[in-house]
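K.L.:
Before we start, here is the structure in question, set down as C-alpha cells.
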Amino acid sequence: MKFSEFKKNVDRDRFASLSPETQSAANRLANIFGNNYVITSTSGDTHAPGSQHYSNKAIDVRIRDFSQQQ
C-alpha cells in the first residue's frame, strides 16, 4: 500500500482485513494523490447502520493541500 499516512486513531492492522477491491481502490487513490492522501477510517470506527465499513468494503479518506483548481 502506498498511502501517505493514517489518521492517528486509525488501526493500521485493520487495513489488511479490507476486501481486495477496497485495498485496490485505496492504492489507486494513493497513486493519484500521493503524500496528500490520508486514511481517516476503516472498519474499526462507528458508522451508520448498514455501512459498507462493517463488511470491510469501505474506507474514509482525506485529500489535503490542493487548491480548488487542482
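The values are calculated or read from the model by the stated rules, or taken from the named source; none is laboratory data. Note that the structure is a prediction, hence the values are computed from the model and not measured. Ideal geometry is used to build each Cβ from the backbone, glycine not excepted, and the neighbour counts take in all protein chains shown. Side chains included, ligands, DNA and RNA excluded: accessible areas come from the protein's heavy atoms. Shrake-Rupley method; radii C 1.70, N 1.55, O 1.52, S 1.80 Å.
K.L.:
Please state the charge dipole magnitude for the chain, taken about the Cα centre, from unit charges on C-beta atoms (+1 on K and R, -1 on D and E), reported in debye and rounded to the nearest 20.
P.N.:
Around 100 debye, computed over the chain.
K.L.:
For the chain, report the accessible area per residue in Å² (1.4 Å probe, heavy atoms, rounded to an integer).
P.N.:
Value for the chain: 67 Å² per residue.
K.L.:
Quick one: angle between helix 20-33 and the longest Cα principal axis of the chain, in degrees between 0 and 90, rounded to 10, please.
P.N.:
So the helix axis and the longest Cα principal axis differ by about 20 degrees.
K.L.:
With all protein chains present, how much of the accessible area of the chain (probe radius 1.4 Å) comes from carbon and sulfur, to the nearest whole percent? All intermediate terms of the calculation are to be shown ahead of the outcome.
P.N.:
On the way: 2140 of 4710 Å².
Of the solvent-accessible surface of the chain, carbon and sulfur hold 45 percent.
K.L.:
Right, another one. Based only on the alpha carbon positions, what is the Kirkwood hydrodynamic radius of the chain, in angstrom? Please list the in-between numbers first.
P.N.:
Working: mean 1/r = 0.0804 Å⁻¹.
Final number for the Kirkwood radius of the chain is 12.4 Å.
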